[in-house]
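Okay, structure first, notes after.
The values are calculated or read from the model by the stated rules, or taken from the named source; none is laboratory data. Everything quoted here is computed from the prediction, not taken from an experiment. Cβ atoms come from the backbone with ideal geometry, glycine included; neighbour counts cover every protein chain shown. Accessible surface areas use protein heavy atoms only, side chains included; no ligands, DNA or RNA. Shrake-Rupley method; radii C 1.70, N 1.55, O 1.52, S 1.80 Å.
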Amino acid sequence: MKPTARRHAAWLLGLAALLAGALWHWAREAPESTGAPAEAPVPVAALPLPLPQPVALPGGAGASAASAPRALPRPDGADEGLEVCGGGRVPAEQVRLWRANPDLGRAWLDQQMQGLEARTQAAVAEVAARLAAGPVRQQVAARLLMGDADGAASLAVLGSDVGAYQLATAGCVGRGLAQGGAGCGALSPQRWAALDSSDARPWLLVLSQAQQAKDTLAVEEALAALAGRPRLSRRFHLLTSEVLQGLPPAMEPATRAQVLIVTMGIQAAWADAGMASLRRACGGEARRPTARFAVCQTVARQMLAASTDFMEATLAQKMADDLSVPKRDQAFTAEALAAAWATFLEVAHARPGADMSCRSLQAQGDLTAQLAREGELPYAMAQWRARQAR
């Protein structure tokens, strides 16, 4: 898919999810006499707040009761009507018409989508322009925000900013790293590892490349390097952290939320071979008492302790169990991760409802910024432990 097409797809996914919350407000309560079930919102993993739909625990561990569908709260306490931030309030009479004839609501949604996409494109371009005037890391973020991964890589290789290099690499994984030439082909995990010798994450990519080349010796060397590096830089929210710095202070909540949703959609589309490569290297024969078994135990334990997002932590914890890492040596048990995930969803739903009101969108933006600063796993664990201490 060409960069322009990928960027357009990311916008449409994010915008559809944003407005789907508005449709959920009335469609789920349509009269039963229509004979058709209410439609759930478009499921998009990039949302900063979970929409009111079942959300499975990362790793397939099941769904939390806290994520079950529920009626959206009315921001102003009214029983009818719908607020659309930036577009005014839809009167109760109009909402009742939509419930009687859902096609009218979908026509309204299409009309709103056109205007919202245009506003979002303009806002994303504005943020990208602000970032492009900053230091190299922000310039790299600007290119990625506009769908130009090769341009981001060309900027990153010119300097020694490890953050810029990591960000460009994240946007280029799956596009031919270390293949020679310009753009993404000029990036290599070995160069990233040289820029930051304490980080285990580039060695996950080195491991993936060694597996693809079927180089057993290189696989062993990558595993040994991982075992010797207990620090793991974050995997997600890299682009969000930079975009937050490019948001104009006066940007209104709806537009801010749209930009952040697009940003998270871009990140969600990035390939990540890290944990999958590690599980391949440490599965099968590696689970028997061999030299690799001991190394894999160390890596699993360290990855679990250093992970900052649920997906990665869940996979690392499962690997630790498969490799018989004692529970006392695991930073998080499966039960603790499940409880923290449930708490995360409860805290998210306790904020203003996932609808289209300005208050709700402001809450979504605020939570996204907090997760970018802290990481979703540390944030959720802190919330869960605070509840346990009460």
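Once you compute Rg and the Kirkwood Rh from C-alpha atoms, what is the Rg to Rh ratio for the range 174-243?
Numbers: Rg = 13.0 Å, Rh = 13.0 Å.
Dividing the radius of gyration by the Kirkwood radius yields 1.00.
Computed in the context of the full set of protein chains, the accessible area of the range 133-196 at 1.4 Å probe radius has 51% of its extent on carbon or sulfur. The mean sequence separation of alpha-carbon pairs under 8 Å and at least six residues apart, normalised by the residue count of the range 182-224, gives a relative contact order of 30 percent.
Charges were assigned to the Cβ only: +1 to each Lys and Arg, -1 to each Asp and Glu. The resulting dipole of the range 249-390 about its Cα centre is roughly 440 debye. Please find the FRET efficiency linking ARG119 to ARG390, where r is the Cβ-Cβ separation and R0 is fixed at 45 Å, and quote it to the nearest 0.05. Approximately 0.60, to the nearest 0.05. Charge tally around LEU226: other residues with Cβ under 12 Å, Lys/Arg +1 each, Asp/Glu -1 each, net +2. For the residue pair LEU158 and ARG280, what label-to-label distance in nm results when each label sits 7 Å from Cα along the Cα-to-beta-carbon direction? Between LEU158 and ARG280, the label points sit 3.5 nm apart. What would the Debye formula give as log10 I(q)/I(0) at q = 0.15, 0.18, 0.31 Å⁻¹ for the alpha-carbon point model of the range 162-211, no solvent? Debye curve over Cα of the range 162-211, log10 I(q)/I(0) at q = 0.15, 0.18, 0.31 Å⁻¹: -0.33, -0.48, -1.34. Sorting the Cα pairs of the range 298-378 by distance into bins of 10 Å, from 0 upward, gives 18, 40, 24, 14, 4 percent per bin. Of TRP192, TRP384, the order by accessible heavy-atom surface (1.4 Å probe, DNA, RNA and ligands excluded), from most exposed downward, is TRP384, TRP192. When the alpha-carbon atoms of the range 90-230 are used, the pair Rg, Dmax equals 22.4, 70 angstrom.
Taking amide H atoms as placed 1.01 Å from N in the peptide plane, the amide H of VAL90 lies under 5 Å from those of LEU82, GLU83, VAL84, each 5 or more residues away in sequence or on another chain.
Can you check what the Kirkwood hydrodynamic radius comes to for the range 221-286, Cα pairs only, in Å to one decimal? Walk me through the numbers before you get to the answer.
Numbers: mean 1/r = 0.0673 Å⁻¹.
Taking the inverse mean of 1/r over all distinct Cα pairs, the range 221-286 comes out at 14.9 Å.
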